[in-house]
Every structure is written in structure tokens, then in C-alpha cells.
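Visitor: Shown below is the structure under consideration.
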Amino acid sequence: MTIIKVQKGTKDILPADMPIWHFMEEKAKEVFTKYGAKEIRTPIFEATELFARGVGDTTDIVNKEMYTFEKSERSLTLRPENTAGVVRSFIENGMHRLSAPVKLWYKGPMFRYERPQAGRQRQFHQVGVEVFGISQPTADAEVILMATNYLKALGLNDLSVEINSLGCPKCRETFKTKLKEVIKPYYSELCPDCQSRYEKNPLRLLDCKVPECKEIFAKSEIQEVIQSDFICEDCANHFNELKDYLNILGIKYSINKLLVRGLDYYNRTVFEITSNNLGSQNAVCGGGRYDSLVKNLGGEDTPAIGFAMGMERLASLISSKEDIKTTAFIIGNNMAESIKLTEYLRDNGITAEFDLTNKKFVKQLEKASKTAKYALILGEDELAKNEVTVKNLETSEQVSVKKENILAVLN
Ligand code: HAM
């Protein structure tokens, strides 16, 4: 019979991988909670329209990468990202009435029908933060600080922070017009994607990875427009203040005028954090401000900013974490007594196991040495004296203790 295999672009996260995943999840809770963020869990599928309106119907995500299906004549989509879902929940649950800022964090699987390669999957996991209600650049700085501190807590370094400002819809319009003007003579040489971007969303031209297009955009007259300071005074002030805060906080960054991000909801600040130890898919974190999204999805006008990180990419950078061993493995031939002692330890918060197969003493000890920190020997002698022999499996030291003192010894 043919074996059914895991789907292309998806992976099992196996028990051996878990110490790293638990570490990433625990650190997320610990770090984001310190900043006052609360965890939120939204559904994995949402109305397709949420992403079409939220992420933007000119983006690759919405055009090419969504897992969309029909049920009861409704079009549903597996979430390709979580900002749109969190915004929907923010609106639906009246969170604008809470005192600002409302800080939310999340973790969970996302789905994009992309060409799988190292660091790029069709089902992947993100951990992210969304902060609502603050328009000042202090929020931008704090959000970037949350991201960098989380990465620091994971022990990751050799990372680069890149920032850019996309301006507001007004100043961006002028930039788009100028960009189109200067690129127009090369229109027929652009790749089909760029020809479509030229019409629908010229800013995304800067994101193209096709070498021929990159060559065109490197031309001096085009670079002059790209590198120009097109943003209006208000947007420039916002960006300058953010840079000042980052300097005060000691966060090293560089400005990348080509950083436009692949989602439509951004305005003003956008940022990415890349690792110098990953291949071509080197972005571990992407984020930015999205001041119009809450309103565009039917909510009150609420400024917002956030980021998300790819957990598979983070996991590949974290040095291996040791599998957490069981604290106690009970060794004995009296099953009833072994079960009783194991359950007593578990009830008192100690991870404990006993040999379910009633193997010979030596075999049980072998199993204990592989999986536990302590072997608790409950032989005939011990049972007669109401004692347990506790063997430290790392040092081989051994002591006999009265059963009633076992918790104190293990703790
Ligand atoms: P994004 O840049 O599309 O932004 O994704 C954020 C991160 O998710 C990426 O930097 C990458 O680490 C990871 N990622 C994305 N696609 C894949 C994939 N196919 N396989 C593995 N990892 C992947 C967003 O999703 C925005 N919602 C971020 C945001 C939150 N902006 C504001 N708030």
C-alpha cells in the first residue's frame, strides 16, 4: 500500500523539535507580557473578503497565494497572515473602547500557497504583536524594541534592522506619479508582474527580485526618484522622531528606501529584521504602521502598528535546546506500589514515569538512564522499610530516604 506523505511545503514539528518551540513560545509570553501585551487567538479561517480588503487585492498574497474554499456558498480562506484577523476581532469586540494603547500578541499557523524552498513553507507559524490607538512615533519605537528584545531573549544576534517610511496616502501619490513617469520608457522591458504592478501598485515595483527589472531600477534617473525625500513634512517629522528614539534606545538600524513590504495596508513606518545566517529567505521579522486598516475594515478611525516573525526561521537560528528529561523514573516489580508512588509525585508537580511493561530491573534502569534525572528504586527491601532509593543518574550518587521525605529530596 502506498504511504501517505506530508504535503509539499508543510512539516511535522516532532517531539525532538519541541524544546525549541516551547522555548520560543514561552519567551514570547514572557517578553510581550512585560510590555503590557495580552495574548489573542483568532480563527484559522476567515471570510475571504477580510483578506481581499485587508491585505489588498493587488498583493501576491491575495492574488496568488490564498487557500480559498467554499462552504455553504461562503468563500472562506485559511489566514495567510494575522493582522487582518486581529483587526477584525478588535472591531467586532469593541476594543477601541479600551484604554489606548491596546497591545495584543499572538502565535499560530499561517497558510500561503508559495513555491516551497528553504525558509519558505506553505504552512508556517508566526508570532506577532499588534498595538492599537497610538499615532505618535513612540509606539513605532516601542514596537521595534519589543521585536528586538524578543530576538535578544531567544539569544539571536547577527541581525540587521532596516526601516523606511512609505509616507501617507497623499505624499505617496506624488511619489507614485513620479516613479511611473521615470519608469515609463522601460515599461515593455519589465517582467509581467512589474507591468501589472506599474498599473495597480507602482510602489511594489521596488520589491521585484527579477534581475532584468532590478537592472532597470538601478538606472540613475530612476534611482534619483527612489532615493529622493518624497515624504511630506508631517511624515518626515514622524520618521525623524522615530530615528531619534531608536538612537536613544541603542537600536542599530539602517534606512532602506527599497523596503516597501508586500502587503497593502502600510503607511509611514515599515521595518524588517533580517538574519545574516539564513539563505535567500532571510527576513525573520516584518512589520509597520497601518493607520487606515481599522477604518477600512469598518471600525473607528484607530492608528495601529505591529510586526510578525516566522517561527520556523527563528527555530533554525536557535542553537539546539536539550530535551527536557522526566524528573523521576520509578523502578520496581510491584506494579501497584510503582503506580501509587508515580501518581503521588505527579500530584505534587513532579514529572514521573514507571515501567509499564514490568521488565527486568536492569532493563528498567537502562530506560531510566536515557529518559530521567533520577531513578527511584522501589525493590522488596525498600518496600519492607517504607523507603525509596534515589539514584542521581548524572552523578550515580545514591541515597535511601523514607517515602514521606521523597518530595523534599526531589525538590
Ligand atoms: P510578512 O512579512 O508577510 O508580514 O510575514 C512576517 C514574517 O513571517 C516574515 O518576515 C517571515 O519571517 C515569515 N514568513 C512569511 N511567509 C513565510 C513563509 N511562506 N514561510 C515561512 N515563513 C514565512 C506579515 O505577515 C504582517 N502581518 C506583519 C505585520 C504585523 N505587520 C503589521 N503587523
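The values are calculated or read from the model by the stated rules, or taken from the named source; none is laboratory data. These figures come from a predicted structure and were not determined experimentally. Positions of Cβ are generated from backbone atoms using ideal geometry, with glycine treated the same way; all protein chains shown enter the neighbour counts. Note: accessible area is taken over every heavy atom of the protein model, side chains too, but ligands, DNA and RNA are not part of it. Shrake-Rupley method; radii C 1.70, N 1.55, O 1.52, S 1.80 Å.
Visitor: Give the Rg (one decimal place) followed by the Dmax (whole number) of the chain, computed from C-alpha coordinates and expressed in Å.
Guide: Cα radius of gyration and Dmax of the chain are 27.5, 95 Å respectively.
Visitor: What are the ³J(HN,Hα) couplings of the range 18-24, residue after residue, when phi is run through the Karplus curve with 6.51, -1.76, 1.60 and θ = phi - 60°? Round to Hz, x for glycine and proline.
Guide: In residue order, the calculated couplings are 4, x, 5, 5, 5, 4, 5 Hz.
Visitor: Tell me, what % of the accessible area of the range 162-246 is carbon and sulfur with a 1.4 angstrom probe?
Guide: With neighbouring chains kept in place, the figure for the range 162-246 is 49 percent.
Visitor: If you don't mind, there's one more thing I want to ask. Using 7 Å Cα-to-Cβ label points, what is the V399/R41 separation (nm, one decimal)?
Guide: Result for the modelled spin labels: 4.1 nm.
Visitor: Taking only protein heavy atoms and a 1.4 Å probe, what accessible area per residue, in Å², does the range 98-192 have with all protein chains in place?
Guide: That works out to 43 Å² per residue.
Visitor: What is the dipole size for the chain, taken about its Cα centre, with +1 at each Lys and Arg Cβ and -1 at each Asp and Glu Cβ, in debye to the nearest 20?
Guide: It works out to roughly 500 debye.
Visitor: To one decimal place, what orientation-averaged projected area in nm² is obtained for the convex hull of the Cα set of the range 20-101?
Guide: That works out to 7.4 nm².
Visitor: I've got another one for you. Using a Förster distance of 35 Å, how high is the FRET efficiency between L383 and S320, based on the Cβ-Cβ distance and rounded to 0.05?
Guide: It comes to 0.30.
Visitor: Taking only Cα atoms and a 10 Å spring cutoff, compute GNM fluctuations for the chain and point out the largest among N386, N240, N267.
Guide: Between N386, N240, N267, it is N386 that shows the largest mean-square fluctuation.
Visitor: When you have a sec, figure out the Kirkwood radius of the range 107-147 from all distinct Cα pair distances and drop it here in Å to one decimal?
Guide: One over the average 1/r among Cα pairs gives 12.5 Å for the range 107-147.
Visitor: Over the range 255-376, with the other protein chains present, what is the accessible area per residue in square angstrom, probe 1.4 angstrom?
Guide: Roughly 46 Å² per residue, with all protein chains present.
Visitor: Share of the range 1-93's accessible area from carbon and sulfur, percent, 1.4 Å?
Guide: Whole-percent figure for carbon plus sulfur exposure: 54.
Visitor: Let me ask something else. In whole Hz, what ³J(HN,Hα) sequence does the range 133-149 give by Karplus (6.51, -1.76, 1.60; θ = phi - 60°), x for Gly and Pro?
Guide: x, 10, 8, 6, x, 4, 5, 4, 5, 5, 5, 5, 5, 4, 5, 5, 5
Visitor: What fraction of the DSSP beta bridges in the range 303-411 is antiparallel, stated in percent and rounded to the nearest 5?
Guide: Percentage antiparallel, nearest 5: 50.
Visitor: Right, another one. Could you order M146, M335 so the one with the most accessible surface comes first? Probe is 1.4 Å.
Guide: The most accessible residue leads, giving M335, M146.
Visitor: Quick check: at a probe of 1.4 Å, how many percent of the accessible area of the range 250-306 sits on carbon and sulfur atoms?
Guide: Whole-percent figure for carbon plus sulfur exposure: 40.
Visitor: Still on this structure: HN-Hα J couplings of the range 374-379 from phi, Karplus 6.51/-1.76/1.60, θ = phi - 60°, integer Hz, Gly and Pro as x?
Guide: 10, 9, 10, 8, 10, x
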